[in-house]
Amino acid sequence: MTAMRYFVVDAFTDVRFRGNPAAVCLMEKPLDAGVMQSIAAENNLAETAFVTAVADGYDLRWFTPAVEVDLCGHATLASAFVINHFVDPGVAGVVFHTLSGDLAVAVRDGQYELDFPSRPPEHIEVRPEFGEALRQPVIEAGLSRDLMLVVGDEVGVRDLKPDMAALAALPDGFGVIVTARGETVDFVSRFFVPNGGVPEDPVTGSSHSTLIPYWAARLGKSSLVAKQLSARGGTLYCEDRGDRVGIAGHAVLYARGEIEL
């Protein structure tokens, strides 16, 4: 039996028990995908990241309790935090090799800045089932990897109580982003993945690959501040860079230990 180092990090927050908790597993060699999926299911967090050191950076994969995903922001930020604190202390930047290509993370003044692909939403027709699933009017809809639904205001996002079965039945996209212009920040959102083992994700970096280009165009600015209005909540500092986006935030260690394999 061997032991694998394991960490839980609260991402997109500087306060423990807020933001989005991600598990980070440091592997000496790759594991079978089925084993990684079993570990993610056992962890029962929105995402578990698996990190393996290679000659030119780190290989990185992400799993929800139910499926492997192609892009995850908070678990990437958490992985960079673990490397910066426990693998290569004080390193100023990390490059991860992932299903979405090479992703760089810069460490600046205690923040971790992700360089992610931009995934602008394609405008689609607002269908009646969108509003029925959200239990409130939808004023605009778009589709990238995820279905993006725009509602009237921040209160509508914050107080949202969707019909989860109806959300799960929507055929469009991997997850469902609900967003509106913010009152004290540029925009707000929430993110639901009922078919991926994550009914609601507390703070989601990958959804901002879609939200940033959308709101940058609507608001006419490239630097934006966003909040995700889940129960835990989190703040993301965003930049539209054309075919890339910058997504920055803080992180806090919650736990560390070992997994027996």
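The values are calculated or read from the model by the stated rules, or taken from the named source; none is laboratory data. Given the structure is predicted, the values throughout are model-derived calculations rather than measurements. Glycine gets a Cβ as well: all are built from the backbone with ideal geometry, and neighbour counts include every protein chain shown.
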*Output for the stretch 28-51, where each listed residue is outside any strand (DSSP E or B) and of a type in the set (Asp, Glu)*: GLU28, ASP32, GLU42
*Can you run down the residue pairs with Cβ atoms below 6 Å, 6 or more apart or on separate chains, where the first is in the stretch 175-192 and under 26 Å from GLU68 (Cβ atoms) and free of Cβ contacts under 8 Å to residues at least 60 places away in the same chain and the partner is assigned to a strand (DSSP E or B) and basic (Lys, Arg)?*
VAL178/ARG190
*Given the conditions (1) in a strand (DSSP E or B); (2) surrounded by fewer than 13 Cβ atoms within 10 Å (Cβ to Cβ); (3) touching a residue at least 24 places away in the same chain (Cβ under 8 Å), report the number of the one that HIS123 does not fulfil.*
(3)
*What residue, of GLY257, GLY173, GLY196, GLY156, is among the small types (Gly, Ala, Ser), closer than 26 Å to LEU45 by Cβ and not in a loop (DSSP other than H, G, I, E, B)?*
GLY257
*Could you grab the pairs with beta carbons closer than 8 Å, sequence gap of 6+ or different chains, first residue in the stretch 135-163 and over 25 Å from ASP70 (Cα atoms) and in contact (Cβ under 8 Å) with a residue 40 or more places away in the chain, second one outside any loop (DSSP other than H, G, I, E, B) and among the polar types (S, T, N, Q)?*
VAL157/THR179; VAL157/SER189
*Would you tally the residues in the stretch 62-100 being among the aromatic types (Phe, Trp, Tyr) and either in a strand (DSSP E or B) or not assigned by TED's automatic domain parsing to the domain that holds ALA23 (or both)?*
3
